[in-house]
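Student: There's a structure below that I have some questions on.
The values are calculated or read from the model by the stated rules, or taken from the named source; none is laboratory data. Small disclaimer: the values here were computed from a predicted structure and weren't measured. A quick note on method: Cβ atoms are made from the backbone with ideal geometry, for glycine too, and the neighbour counts reach across all protein chains shown.
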Amino acid sequence: MGEVPASGHGRAIYRKISDITISVRSGDFLKTPELVSSEYPVRMSESERKRYEEMKRDLVLQTANGEVTAANAAALSNKLCQMANGAVYDDSGGVLRIHDRKLDALEDLIEAANGKPALVTYWFKHDLEQIGARLKARHIPFSKLDTSESITSWNQGKLPVALIHPASAGHGLNLQSGGSTLIWFGLTWSLELYQQTNARLWRQGQQSETVVIQHIITKGTIDERILQALSRKDAAQSALIEAVKANL
């Protein structure tokens with residue numbers, strides 16, 4: 001998850017590397033479209049919220065001697081992320097449904113796109129299954145982007161909706177020809193994965209003048225903390241680059 005260095009430490013780091021580092025951002029010399037980033041908040045019902053809080057409390061109580069280690073903190077974070085997305089794996093590997101709020105929001109966003117293709121991220125396997133089931137029920141054509149054929153179909157504008165896992169949205173994967181709307185169904189703690197997924201659409205070669213990135217956030221859950229952490233990491237990274245950027 002990472003820590004943002006204290007301001008004094010940050011300045012010391014900048015001074016140490018300023019004479020050996022040249023840092024530039026693509027936006028400094030490449031023409032990129034306007035980026036519009038926003039949140040689409042959803043709220044669980046009282047009963048759904050109660051289940052979330054109960055499961056969170058039970059998971060915390062299971063930690064040895066009340067101490068939170070890196071291992072069980074990661075496990076707890078993983079479970080809370082699942083619940084925020086709408087479902088969670090139980091001890092036997094089954095899927096326990098919590099809510100459909102994000103699925104409803106996704107459907108609204110796809111409809112609001114008014115026919116424009118949408119690239120949708122998922123993180124957990126049950127996210128993919130839930131999204132697929134909802135799209136099939138609404139007769140919305142879609143494909144998971146995991147083959148050269150599916151990527152070609154997306155770039156040719158043949159897919160109204162494409163589903164992608166951030167870990168597979170690596171550098172060099174060109175998807176900007178297929179659309180200009182990205183919807184984060186589930187977030188990641190990784191700033192690198194977050195940025196490189198956004199860069200599949202927000203990049204040079206994008207024909208649209210504007211790229212829209214929507215984040216579906218379940219209020220009162222770990223979603224809010226993740227988005228805040230990503231913003232802080234991005235701000236710290238941008239500050240570092242500005243501090244050592246050469247005047248080219």
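Student: Limited to segment 30-59, what total is found for residues that are touching a residue at least 12 places away in the same chain (Cβ under 8 Å), more than 20 Å from SER77 (Cβ to Cβ) and more than 21 Å from the chain's Cα centre (by Cα)?
Tutor: Qualifying residue count, segment 30-59: 3.
Student: I would also like to ask the following. Filter segment 168-182 for residues that are touching a Phe, Trp or Tyr at 6+ places or on another chain (Cβ under 9 Å) and not in a loop (DSSP other than H, G, I, E, B) and give the result.
Tutor: So in segment 168-182, the residues touching a Phe, Trp or Tyr at 6+ places or on another chain (Cβ under 9 Å) come out as 175-180, 182.
Of everything in segment 168-182, just one residue is touching a Phe, Trp or Tyr at 6+ places or on another chain (Cβ under 9 Å) and not in a loop (DSSP other than H, G, I, E, B), namely LEU182.
Student: Next question, about the same structure. Every residue in segment 186-223 that is assigned to a loop (DSSP other than H, G, I, E, B) and within 19 Å of GLY115 (Cα to Cα), please. I'd like the intermediate steps shown before the answer.
Tutor: Looking only at segment 186-223, we keep the residues that are assigned to a loop (DSSP other than H, G, I, E, B), and these are 186-190, 199-209, 219-221.
Within segment 186-223, LEU201, GLN206, GLN207, SER208, GLU209 qualify.
Student: Quick check on segment 228-238. Is at least one of its residues modelled with pLDDT of 95 or more, within 23 Å of CYS81 (Cα to Cα) and either part of a helix (DSSP H, G or I) or not assigned by TED's automatic domain parsing to the domain that holds GLN82 (or both)? Break it down stepwise before answering.
Tutor: Narrowing segment 228-238 to residues modelled with pLDDT of 95 or more: none.
No: segment 228-238 contains no residue that is modelled with pLDDT of 95 or more, within 23 Å of CYS81 (Cα to Cα) and either part of a helix (DSSP H, G or I) or not assigned by TED's automatic domain parsing to the domain that holds GLN82 (or both).
Student: Still on this structure, I have one more. Evaluate the following for VAL42: is it modelled with pLDDT under 85, among the hydrophobic types (A, V, I, L, M, F, W, C) and either assigned by TED's automatic domain parsing to the domain that holds SER180 or more than 30 Å from GLY205 (Cα to Cα) (or both)?
Tutor: Details: modelled with pLDDT under 85: no; among the hydrophobic types (A, V, I, L, M, F, W, C): yes; either assigned by TED's automatic domain parsing to the domain that holds SER180 or more than 30 Å from GLY205 (Cα to Cα) (or both): yes.
Taking the combined requirement at face value, the residue does not satisfy it.
Student: Would you list the helices (runs of 4 or more DSSP H) that sit entirely within segment 81-163 and hold 1 or more residues that are over 28 Å from ARG43 (Cβ atoms) and either touching a Gly at 6+ places or on another chain (Cβ under 9 Å) or at pLDDT 95 or above (or both)? Let's see the steps before the verdict.
Tutor: Working: elements: 101-112, 125-137, 148-155.
Helices (runs of 4 or more DSSP H) meeting the threshold: 148-155.
Student: Taking segment 106-133 as the search range and keeping residues that are of a type in the set (A, V, I, L, M) and free of Cβ contacts under 8 Å to residues at least 12 places away in the same chain, which one is surrounded by the fewest Cβ atoms within 10 Å (Cβ to Cβ)? Before the answer, list the steps.
Tutor: Let us first name the residues in segment 106-133 that are of a type in the set (A, V, I, L, M), namely 106, 109-110, 112-113, 118-120, 128, 131, 133.
From the residues that got through so far, the ones that are free of Cβ contacts under 8 Å to residues at least 12 places away in the same chain too are 112, 133.
On the way: ALA112: 13, ALA133: 11.
Ranking the candidates gives ALA133 first.
Student: Next up: Consider segment 32-51. How many of its residues are of a type in the set (Gly, Ala, Ser) and closer than 24 Å to ILE98 by Cβ? Steps first, answer last, please.
Tutor: Let us first name the residues in segment 32-51 that are of a type in the set (Gly, Ala, Ser), namely 37-38, 45, 47.
Narrowing further to those that are closer than 24 Å to ILE98 by Cβ: 45, 47.
Of the residues in segment 32-51, 2 are of a type in the set (Gly, Ala, Ser) and closer than 24 Å to ILE98 by Cβ.
Student: Can I ask one more? Which of the residues spanning segment 134-146 are over 12 Å from GLU107 (Cα atoms) and either crowded, with 18+ Cβ neighbours inside 10 Å or under 21 Å from the mean Cα position of the chain (by Cα) (or both)? Please lay out each step first, then the result.
Tutor: From segment 134-146, those over 12 Å from GLU107 (Cα atoms) are 141-146; that's our starting set.
Matches in segment 134-146: PHE142, SER143, LYS144, LEU145, ASP146.
Student: Scan segment 194-205 and report the pairs whose first residue is in the same structural domain as ILE183 (by TED's automatic domain parsing) and whose second residue is surrounded by fewer than 18 Cβ atoms within 10 Å (Cβ to Cβ) and in a helix (DSSP H, G or I), with Cβ atoms within less than 8 Å and a gap of 6+ or a chain change.
Tutor: GLN195/ASP234; ARG203/SER26; GLN204/SER26
Student: Among (1) in contact with a strand residue (DSSP E or B) (Cβ under 8 Å, 6 or more places away or on another chain); (2) farther than 30 Å from ARG97 by Cβ; (3) aliphatic (A, V, I, L, M), which single condition is ILE151 missing?
Tutor: Of the numbered conditions (1) in contact with a strand residue (DSSP E or B) (Cβ under 8 Å, 6 or more places away or on another chain); (2) farther than 30 Å from ARG97 by Cβ; (3) aliphatic (A, V, I, L, M), the odd one out for ILE151 is (1).
Student: Which condition number in (1) at pLDDT 95 or above; (2) closer than 21 Å to LEU163 by Cα is the one that GLU224 fails?
Tutor: Status for GLU224: all satisfied but (2).
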